[in-house]
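The values are calculated or read from the model by the stated rules, or taken from the named source; none is laboratory data. These numbers were taken from a predicted model, which means no experiment stands behind them. Backbone-built Cβ (ideal geometry, glycine too); neighbour counts: all protein chains shown.
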Amino acid sequence: MRLAPALAAAMIGIAGGLGVVTFDYAEGLSYMSEDPRACVNCHIMRSQYDGWVKASHHGFATCNDCHLPHSFVDKYIAKARNGWGHSRAFTMQDFHEPIRLTPANVQILQDNCITCHDSVLHDLSLVGDAPLCTSCHSTVGHGQTAGLGGPMPPDPSMEIP
């Protein structure tokens, strides 16, 4: 009868040990920082990081400024949700390439655009069916190198003969 507690302790120890090793291998603590280089721990984010370095928002906003809520609690809830989703998707190898935002993360991005640019947006009605900021401004965060759109190709009807 003493075998059960010992077996339970061993199983908890093994699971805990695997968790610690996995967290360390995945550089888990780096994701608690504000450093954009943490985003390139995963190779799939390299083009987004490289695009951000060249984009117009590079000098003003980091990954967390745009992609996470600004309140402390909501930020770490989103980090945990995203971390779980990313680690599950990369482990199972069932993620979309190029990586895409979830609907919840699209809303966070939109809210942050409006918050940061409120002084120029205060006269606009951004409710209901208003387009997302990124519908027109798709290159401000990551530029063209991330494969996220880029400027519209020139309209051939507008060319000077």
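See the values below:
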item	result
Residue list for the stretch 1-42, restricted to those being within 21 Å of Val53 (Cα to Cα), surrounded by fewer than 12 Cβ atoms within 10 Å (Cβ to Cβ) and among the charged types (D, E, K, R)	Glu34, Arg37
Test: residue in the stretch 121-128 that is at pLDDT 85 or above and farther than 17 Å from Trp52 by Cα	no
Meets criteria (farther than 20 Å from Gly141 by Cα, in the same structural domain as Thr139 (by TED's automatic domain parsing) and among the aromatic types (Phe, Trp, Tyr)) for Phe60	no
Of all residues making up the stretch 49-82, the number that are touching a residue at least 40 places away in the same chain (Cβ under 8 Å), crowded, with 16+ Cβ neighbours inside 10 Å and either not acidic (Asp, Glu) or not in a helix (DSSP H, G or I) (or both)	10
Test result for Cys116, touching a Pro at 6+ places or on another chain (Cβ under 9 Å) and in the same structural domain as Ala130 (by TED's automatic domain parsing)	no
Yes/no for His117 being surrounded by 12 or more Cβ atoms within 10 Å (Cβ to Cβ), modelled with pLDDT under 85 and not polar (S, T, N, Q)	no
Subset of the stretch 98-117 that is in a loop (DSSP other than H, G, I, E, B) and farther than 17 Å from Gly83 by Cα - its residue that is nearest to the chain's Cα centre (by Cα)	Pro98
Residues of the stretch 83-97 classified as basic (Lys, Arg) and in a loop (DSSP other than H, G, I, E, B), total	0
